[in-house]
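These notes concern the structure reproduced below.
What follows draws every value from the coordinates through simple rules; no lab data is involved. What you are looking at is a predicted structure, and each value in this text was computed from that prediction instead of being measured. We place every Cβ from the backbone using ideal geometry, glycine too, and count neighbours over all the protein chains shown.
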Amino acid sequence: MSKAQRTMQYLTFCKKHDCPCCRRCVIETHNDCKDLTAIDDIVQNVKSSNAFLEVEQTLVQILENVHRIRNDRKDQRVKIERDIKQTRTIINDHLDKVQEKIIKELYANEENESKRIKQLLAEIEYIEKGISDLKVNQNTIKQHASDLQAFLALKHIEKEVSDKEKCIQSVLDGEGIKITTLSLLINKEIQNICRAASFGFISVESTSCKVVIGSNKSKQAQMIVPISISKCIDDINLSNKLQINLQFSGYVTGCVILPNGKMMFCDNNNRKLIVLKSNCTHEFEIRLDSRAFHLAYFERENSIAVTSGYGSNVIHIIDPNGRTIKRTIQSSEYSYGIALNKTVLVYCKLGKGIMEVQLNGASEKALVSFSMPSYSYVAVHGDNIYYINTDSNSVTCYDILGNLKWTFKNKQNLH
């Protein structure tokens, strides 16, 4: 029997099992099903129904998700290639500077040694001339002087010879006669670079896919019941879930929730970090030598990056377990909002823009260059960077490469 012939036998639709039924199916399989509807009522205007439209929308959504996944993988490759090339450029620039420095040192040492050798040769030539003159005088006396004159001259020559011997010995005993050899002693750190097989390694981490493929199917009466409209942002109601009392704190400018549920706050005025347990009770504090404006947590090192804001040009990397500063990243200007983008830090730099810097402080570069105002914040979500401008009362979105996507301004609500 052909498909068309089988289709012609369908008489009813079972909503419970979500399938069409022929006369035999109703008797044998769906005898106890109560929610049976005539197939003619179900298929009427099916091409303009919500269900048909829903399938079309789902296909479009799935296709967009596939494109998003493909672009995400492609962007990762482009970013890694860019980081590799940038690392190579940094190494080349550094090696050029090291080479220039050691060559200057070579020329300077060679010039110093040349001066010393010239001075030594001048001394030797002076002694040599004096000895030659004495020898000439002695020959002259031997040929023409009387015995008395020869005797008196001999005493004088003996004294001169003794002085010349002392001069020669002085030269032999001095530092100038030592043989100097210029050579290059290779720094072990440079040797380690030569032994390095690569710039690093490509880390492959498996995490759950963040792309959600929506399904708008409704199992119950999907052919005849209109699809409910999802809530828009205007319909969302906020409720107070938790209230935290930070006693004896000053001006709180940043916070982060750690994976273990603990909360960490920046007490800007009092130059410290306040750490609370997951139940909001006070646990400990970390004192800093600079202000604490904003912070970001990176799980791989179990560390906190803290910007200083107004007053200091530093970003502290802190060990929350040891409660100590592990290292400090120097910045040429004040740093404000900060966030983690996978393995690099993204932060707001006063007067410069949104910067990207490695966790060890190396390879800083500008993602977006502009005159950054103070008290600005930044956040990273997915492939987007969101920036708060307190001067213009705006929120701006950039992609991960720093390209502008949109800006939202509303002075009344964003002041």
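Which distance in nm do the two modelled labels at K155 and Q76 give, with both placed 7 Å along the Cα-to-Cβ direction?
Modelled inter-label distance: 10.3 nm.
Please compute the length gained on full extension between S332 and K16, using 0.36 nm multiplied by the number of residues separating them and subtracting their Cα-Cα distance.
106.9 nm
Taking the alpha carbon gyration tensor of segment 355-415, what are the square roots of 5 times its eigenvalues, largest first, to the nearest whole Å?
23, 13, 10
Just how far, in whole angstrom, is segment 110-156 from segment 332-375 if you go by their alpha carbon centroids?
Between the Cα centres of segment 332-375 and segment 110-156 lies a distance of 75 Å.
For a 32 Å ceiling on Cα separation, which of these pairs sit above it: K85/K411; K85/K326; K118/K159; K277/K342?
As for pairs spanning more than 32 Å Cα to Cα, those are K85/K411.
Are there trypsin sites (Lys or Arg not before Pro) in segment 306-415 that DSSP puts in a loop and that have at most 15 other Cβ atoms within 10 Å, and which ones?
Answer in residue order: R323, K342.
Gain in length, N313 to R88, computed as 0.36 nm per residue apart minus the alpha-carbon separation, to one decimal in nm?
In short, 78.3 nm is gained.
Report, in cubic angstrom per residue, the convex hull volume of the C-alpha atoms of segment 259-358.
Expressed per residue, the convex hull around the Cα atoms of segment 259-358 is 92 Å³.
So for the pair A122, L59, with labels modelled 7 Å out along Cα→Cβ, what separation do we get in nm?
That separation, rounded to one decimal, is 9.6 nm.
Please work out the FRET efficiency for the pair Y251 and D32, using the Cβ-Cβ distance as r and a Förster radius of 45 Å; give the result to the nearest 0.05.
Efficiency computed from Cβ-Cβ geometry: 0.05.
Obtain the nm distance between the two label points defined at K164 and S392 by a simple spin-label model: each point lies 7 Å from its Cα along the Cα-to-C-beta direction.
8.9
Compute the signed sum of charges (Lys and Arg +1, Asp and Glu -1) over the other residues within less than 13 Å, Cβ to Cβ, of N389.
Once all neighbours under 13 Å are counted, the net charge is +1.
What is the sum of charges, Lys and Arg at +1 and Asp and Glu at -1, for the other residues whose Cβ falls under 13 Å from the Cβ of I325?
Within the 13 Å Cβ shell, the charges total +4.
Using 0.36 nm times the number of residues separating E285 and S374, minus their current alpha carbon distance, what extension gain do you get?
Between E285 and S374, full extension yields 29.4 nm more.
May I ask you to order 156-168, 368-380, 90-102 by the average number of other C-beta atoms within 10 Å around their residues, highest value first?
Sorting 156-168, 368-380, 90-102 by mean packing, highest first, produces 368-380, 156-168, 90-102.
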